[in-house]
1. Could you state how much accessible area Leu32 has, in square angstrom rounded to the nearest 10, with a 1.4 Å probe and all protein chains kept in place?
2. Where does each of Lys144, Lys113 land when they are ordered by accessible area, with a 1.4 Å probe and the largest first?
3. What is the percent carbon and sulfur in the accessible area of the range 44-110, measuring with a 1.4 Å probe over the protein chains and ignoring ligands?
4. Normalising by the residue count of the chain, find the relative contact order in percent from Cα pairs under 8 Å and 6+ residues apart.
5. Positive end of the charge dipole of the chain (Lys, Arg +1 and Asp, Glu -1 on Cβ, about the Cα centre): tell me which of Ile147, Thr85, Ala184 has its Cα farthest that way.
6. Keeping all protein chains in place, calculate the accessible area per residue for the chain (probe 1.4 angstrom), answer in Å².
Amino acid sequence: TIVGTAVSMVVSVLCAYGLSRQNSLGHRAILLTFVVTMFFGGGLIPTFIVVANLFNGYEQYWALILPSAVSVFNILIIRAFYMSTARDLIDAARIDGAGDWRILWSVVLPTSKAVNAVMALFYGVGYWNSWFNVMLYMPANDRKWPIQYVLYEYVNQGAFMPGAAAAHDVAGYAQPAPLALQMAVVVLTLIPIM
């Protein structure tokens with residue numbers, strides 16, 4: 001969660017800042033490309049093939065981070081906030097000799113702490129609650145599973161908590177956990193992120 005949030009925030013901040021500068025190279029074409037990807041995705045199977053085969057991401061931690069590292073919606077929100085940064089501050093920094101990196105670090109980021117904190121929270125909650133990428137890219141290695149997928153296995157798939165007595169099998173299938181255990185597990189997974 002921490003690494004994924006940090007990677008996502010770095011990528012989102014840099015991308016949003018570049019797209020917020022009206023004179024940046026090709027920002028309209030890049031922005032249009034981003035907006036199109038919000039409505040049309042490549043699909044699950046092509047994404048799996050790219051991550052698992054081309055980038056050798058099967059059973060790797062980065063396969064849990066990189067496919068969801070960029071949220072176009074979050075980038076657009078950050079971009080809109082960066083565009084509302086007072087132009088006088090940016091012009092004053094340019095007159096003082098600051099380049100784009102210095103302006104981002106010294107002017108834009110300090111004036112946009114609120115939106116950056118909210119987006120970091122969005123990314124953090126998203127990474128904390130993600131279990132689907134684990135199911136796709138790490139189904140066999142239970143030592144690398146994050147807590148959400150472990151609990152998914154316990155609650156929905158009929159797996160048993162360590163040390164618990166096994167429930168009776170009916171027709172060869174394990175029974176899902178009782179409702180009380182499911183609710184207790186949900187509460188336990190919410191405590192750290194709260």
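1. Accessible area of Leu32: about 110 Å².
2. Details: Lys144 55, Lys113 140 Å².
Putting Lys144, Lys113 in descending order of accessible area: Lys113, Lys144.
3. 66
4. 24
5. The listed residue farthest towards the positive side: Thr85.
6. Numbers: 12110 Å² over 194 residues.
Normalised by residue count, the accessible surface of the chain is 62 Å².
The values are calculated or read from the model by the stated rules, or taken from the named source; none is laboratory data. Remember, it's a predicted structure, so these values are computed and weren't measured experimentally. Please note: Cβ atoms are built from the backbone with ideal geometry, for glycine as well, and neighbour counts cover all protein chains shown. Just the protein is used for accessible areas: all its heavy atoms, side chains included, with ligands, DNA and RNA removed. Shrake-Rupley method; radii C 1.70, N 1.55, O 1.52, S 1.80 Å.
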